[in-house]
1. Once both labels are modelled 7 Å past Cα along the beta-carbon direction, what's the Tyr632-Glu422 spacing in nm?
2. Below 12 Å, Cα to Cα, which aspartates and glutamates can Lys317 reach? Residues fewer than 8 away in the same chain don't count.
3. So which aspartates and glutamates pass the test for Lys515, namely a Cα distance under 18 Å, with those fewer than 8 places away in the same chain ruled out?
4. Please order Arg629, Arg30 by the number of other Cβ within 10 Å, starting at the fewest.
5. Mind scanning Lys50/Lys123; Lys252/Lys330; Lys138/Lys669 and naming the pairs with a C-alpha gap bigger than 18 Å?
6. Using only the Cα atoms of region 264-330, build the gyration tensor, take square roots of its eigenvalues as a ≥ b ≥ c, and label the shape rounded, prolate or oblate: rounded if a/c is under 1.5, else prolate if a/b is larger than b/c, else oblate.
7. With unit charges on the beta carbons (Lys and Arg positive, Asp and Glu negative) and the dipole taken about the Cα centre of region 165-297, which residue among Ile210, Asn171, Trp239 sits farthest to the positive side?
8. Cα centroids of region 531-555 and region 216-282: how far apart, whole angstrom?
Amino acid sequence: MKQKIFALFLILCGLCLNLKAETQGDIVGRVLDDSGAPLVGATVQMVNTKGGVTTDEDGYFRIPYSKDGAVRVKVSFVGYQTQTFVLKADERKGAQHVLRLQPDATALDQVVVTATRTPKALKDAPVVTRLITANDIKIADATNIQDLLTEQMPGLEFGYAMNQETSLNMNGFGGNAVLFLVDGERLAGETMDNVDYSRLNLDNVGRIEIVKGAASALYGANAVAGVVNIISRENSEPWTANVNTRYNDFNKEWRHGGSFSFNAGKWNSQTSIQRTTSDEVQLTSPFVTESNILRIYGGETFNVKERLTYKLSDKVKLIGRGGYFNRISKRSNYDDHYMDYSAGLKTVMNLSENDNLEISYGFDQYDKARYVNDERTHDHDYTNRQNTVRALYSHIFGKNTLTVGADFLNDYLTTYQFEDNESKNQNSCDAFAQFDYNPLQWLNIVASLRHDYFSASSQHATTGRLALMTKWKGFSIRANYAGGFRAPTLKEMYMNFDMAGMQMIYGNPDLKPEKSNNYNLALEHTGRVKNAGFFTGQYSLTLMGYYNKYDKRITTEDYADYIPGTGQPDVASRYCNEDGVEVSGIDFSAQYRSDMGLGVKLDYSYLHVGGRSVDSQFSQPRPHSATWRLDYDRQLCSFYRINAALSGRYLSSPDTNIEKHDSSYQLWKFTLQQRFLDAVNLNFTVDNLFGYTPKNYYWSSAMTTGRTFTVGLSIDGDDHRPHLLSRPFYRYRPFCKGILIKIAGWTSLPSCFFFINSTPLTV
């Protein structure tokens, strides 16, 4: 009998202990970034306690805890907002908490690669680099690369050429002066002076790095005014998925897309698909003769991309990529079809702890064809094909890095304009070296030298860069000299552009290469507002002055095109060289974000272009421009996040002698984004909030007819939330600050009470 009583006592004790373990137990969780990737080495600690733990290589942590009541856990990681999560006792019953951190908009600890072609913390990069994070893209709620860059960068605007292809104006220079890269790779098939920007899908973009000013010492031709590098997101989750749709009432645009990634063993794959359709928009009456553009034509695009990574070993991995793009521009009596095929293979080898080697091959073919009554007028209007081979080696010794590399590019162009199916080819090759020298903790010197050869024009070019950075009492000072070089392209030399039947732009085989010398000086200060309650947070201030001197700048000029049989001249343009152009200006940027989610951002740019003998109607400089944004981004509870933003941009009247030019204007935009269950995004945007319309529509005018609305829905899924893409929402009722979303089949909601309360960083 005593044995039975004792056994019963042990059972009861075990039940009690088990019940206590269910309600108390250790705190177990995982820390991820906003993309779902684990944050390795993040610090997790209970508030008002000493010490803490760090997350492992998969982002997991465990904190011993055996008391009742709510637990406040502070999570911090360099480059991300420090946040405090409140976990109630009933939420800790055997739960494995997923805690997500948001990037700090003003943090400079994030790593960039474009400025030096090697990984370097943004705060330590001696070359001024503008970083647009995935969170910035999300807050801007931009539908394409044009909307995003114009909202983020004053002094940069997109307009139209006469064939209604998108045209870039950056500090008074066209798209031929700015090099666009995708994961460090060039794009083929420029339409006149610009790449086809509609190819640049923002899905699965991890960040965008922008280097303003000449960068030819590292990137060669076209990097005269700057480099824009669009870098893909890398997911480490076992799998992720996204489906999204969006509607814009301006041109009745429907955009549908999706992406899927998986990470299994040695394989990592990322796939994205997007399709867009739009209708024609009548901007003004066809009887208005003052306007250059009367309507915007509709069309459709289809874009699919794949990026596949295979790890041969811990030291070697292969990265393969492929893409297909198709765009149809629908006109009144014909359609223009644009197609692109791209592929590439890269080998990344970590030869040792201090040695890295990359070898890559890239292929890009861009075709244009015109259809009349669904039949081709020619086999193709033109085909532009690029084959690129590249090698890049870096060696680290101490705090210094030596980087050497070489590129070979074959550029092929054929068009119906060439007689007897003739084609044009150009081979270019280069070699460069860069030394990243850190003699003192507060001093960094980067020196680069590059030599290029272009076969079509038999041109050689040697360009260099010298950049210095020093730090003093919270200030960073950057001084930079860079040489720029751009050889004329095959299209600029040999091809004629039909601008929708309105005007011709003729090639010029006598073009000379464009050269430039760029100087800039930048002052940056970052700090923290402390003990200010709601306004406690971080800020950054940047002021930069620059001066560029151009020799043989490549542009277009008016050209008398004599109509056969009449002897009467018709207005046309042709490519030409322009001497003595000088570009100078000042850029100012201020950012602030409080720990409670309030963000303020202001950018201003002053520009002066002197020495012009040719005034291009497609790239007219605007002396003053500014962008601004006020937003509130807050996780109100574990499954509801809100972001409300008011942004705008101002552009002054162009400094030009052309009679038909735009006046000054400003545009405002309101965006409301709501995120439910860390997976469902509902977006609502009012663009051109105050209904501005230009009196006449010129090439650089804002293409708007007044206030427009956009709505969008995006649903994410990963291995933590597979149900969200397979089970429908069926019931809504007030719960978390008035909002509850209940999923069919759920017996409980995961972690429904993570009320966020940021804790100041220690600076």
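1. In this crude label model, Tyr632 to Glu422 measures out at 6.7 nm.
2. Glu358
3. Filter leaves Asp193, Asp430, Asp452, Glu492, Asp551, Glu578, Asp579, Glu582.
4. On the way: Arg629 23, Arg30 19.
With the fewest neighbours first, Arg629, Arg30 line up as Arg30, Arg629.
5. On the way: Lys50/Lys123 30 Å; Lys252/Lys330 15 Å; Lys138/Lys669 15 Å.
From Lys50/Lys123; Lys252/Lys330; Lys138/Lys669, over 18 Å: Lys50/Lys123.
6. Details: a/c = 6.19, a/b = 4.20, b/c = 1.47.
It is prolate, given that a/c is not under 1.5 and a/b is the larger ratio.
7. Going by the charge dipole, the pick is Trp239.
8. Answer, in whole Å: 27.
Values quoted throughout were computed directly from the atomic coordinates according to the rules given, and no laboratory measurement underlies them. Model, not experiment: these values are computed from the prediction. Please note: Cβ atoms are built from the backbone with ideal geometry, for glycine as well, and neighbour counts cover all protein chains shown.
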